[in-house]
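Have a look at the structure below, then the notes.
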Amino acid sequence: MSEQRHFFVGGNWKMNGTYASIDEILKFLNGDNLDPKTEIVVAPPSLYLSYVRGKLNKNISVAAQNAYKVEKGAFTGDISPTQIKDVGGDWVILGHSERRHVFKEPNELIGEKVGHALSAGLKLIPCIGEKLEEREANKTEEVCFCQMKAIAENVKDINDWKRIVIAYEPVWAIGTGKVATPQQAQEAHHSVRQWISKNVSPDVAKCVRIIYGGSVTAGNCRELAQQPDVDGFLVGGASLKSEFVDIINARK
Ligand code: PGA
């Protein structure tokens with residue numbers, strides 16, 4: 001648990017929410033019992049980004065769940081970092097496992113998106129993580145390092161790392177109820193941090209936040225939050241429920 005890395009909790013709503021259910025989420029997010037020491041970001045579906053930004057307290061930032069690699073043009077169905085900023089979003093999640101595996105986004109495209117979102121001035125949550133068969137074949141590091149390389153190659157200015165929070169999300173833990181053990185999470189975060197130290201810089205490795213995602217709940221967040229290299233969470237299912245507040249307060 002690092003004092004110098006500000007604890008970070010993101011809520012990824014995925015393709016969930018309508019005005020009625022979002023209003024319920026806003027009620028607990030706008031409550032007064034959130035740990036002020038936690039940096040909080042929520043990622044509604046892009047259709048509702050502007051609505052959520054308008055209704056949400058300003059201590060919580062808003063993210064998009066994805067963005068394309070150019071500013072504008074003939075890319076039916078997609079959105080750009082410029083548009084995200086225009087409607088009040090500060091952050092974007094890139095390379096989420098559902099983008100990688102359902103929508104078949106390759107490492108190279110995710111890298112290009114990282115480069116463009118940075119140049120457009122957004123803050124980024126790039127996601128990495130191995131599938132179950134890769135873990136079972138002892139390929140966790142190989143897969144995560146390869147994903148990290150595609151990301152890092154597109155961070156042209158070392159200062160841009162201050163705008164990046166890495167999410168380690170093992171695919172087998174996402175939406176499955178099978179959370180990584182605190183030891184598994186710590187081990188993966190530690191090796192990603194070592195990779196950053198060796199391939200980017202020791203200073204960046206010390207400062208960059210690496211958050212864990214995959215079946216985080218109010219029940220398992222506290223022990224995970226005590227691990228020295230776990231700097232917060234990216235939460236899917238539980239971010240739609242009031243238990244998200246307990247996850248925000250995991251270090252309180
Ligand atoms: P989950 O999703 O918390 O529902 O497992 C996490 C994520 O996909 O970011």
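The values are calculated or read from the model by the stated rules, or taken from the named source; none is laboratory data. Bear in mind that the values here come from a model prediction, so they are computed numbers and not experimental data. Every residue, glycine among them, receives a Cβ derived from its backbone with ideal geometry; neighbour counts consider all protein chains shown. Please note that ligands, DNA and RNA were not included when accessible areas were found on the heavy atoms of the full protein model with its side chains. Shrake-Rupley method; radii C 1.70, N 1.55, O 1.52, S 1.80 Å.
Numbers below:
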{"quantity": "Loop trypsin sites (Lys or Arg not before Pro), the stretch 28-60 (other Cβ atoms within 10 Å of the site Cβ: 13 or fewer; DSSP)", "calculated": "K37, K58"}
{"quantity": "Overall Cα dimensions of the stretch 1-107 - principal axes, largest extent first, Å", "calculated": "44, 36, 25"}
{"quantity": "10 Å Cβ shell holding at most 15 others, DSSP loop, chymotrypsin sites (Phe, Trp or Tyr not before Pro): longest site-free stretch of the chain", "calculated": "104-252"}
{"quantity": "Value of Rg/Rh across the stretch 147-252 [Cα atoms, Kirkwood radius]", "calculated": "0.99"}
{"quantity": "Amide H within-cut-off set for K131, under 5 Å, with H built and near neighbours excluded", "calculated": "V171"}
{"quantity": "Where the chain is the region considered: accessible area per residue in Å², 1.4 Å probe", "calculated": "46 Å²"}
{"quantity": "Amide H contacts of G213 (H built 1.01 Å from N, under 5 Å, at least 5 apart or other chain)", "calculated": "Y168, E169, L234"}
{"quantity": "Given charges at beta-carbon only (K, R positive; D, E negative), |dipole| of the stretch 148-237 in Debye", "calculated": "60 debye"}
{"quantity": "Per residue Cα convex hull volume in Å³ - calculated over the chain", "calculated": "115 Å³"}
{"quantity": "Along principal axes, Cα extents of the stretch 105-158, largest first, whole Å", "calculated": "38, 20, 17"}
{"quantity": "Sequence of M15, M148 when ordered by accessible area, the most exposed leading, probe 1.4 angstrom", "calculated": "M15, M148"}
{"quantity": "Computed magnitude of the charge dipole of the chain (debye, nearest 20; Cβ of K, R +1, Cβ of D, E -1)", "calculated": "380 debye"}
{"quantity": "Using θ = phi - 60° and Karplus 6.51 cos²θ - 1.76 cosθ + 1.60, couplings along the stretch 61-69 (whole Hz; Gly, Pro as x)", "calculated": "8, 10, 10, 8, 8, 5, 7, 7, 8"}
{"quantity": "Dipole axis of the chain (+1 Lys, Arg; -1 Asp, Glu on Cβ), positive-most option in G177, P106, H116", "calculated": "H116"}
{"quantity": "For the chain, built as a Gaussian network whose Cα springs stay under 10 Å, the top-fluctuating residue of E98, E136, E24", "calculated": "E136"}
{"quantity": "Neighbour-limited loop hits for trypsin sites (Lys or Arg not before Pro), the stretch 131-215 (at most 11 other Cβ within 10 Å; DSSP other than H, G, I, E, B)", "calculated": "K156"}
{"quantity": "Those trypsin sites (Lys or Arg not before Pro) in the stretch 91-126 that DSSP places in a loop and that have at most 12 other beta carbons within 10 Å", "calculated": "K104"}
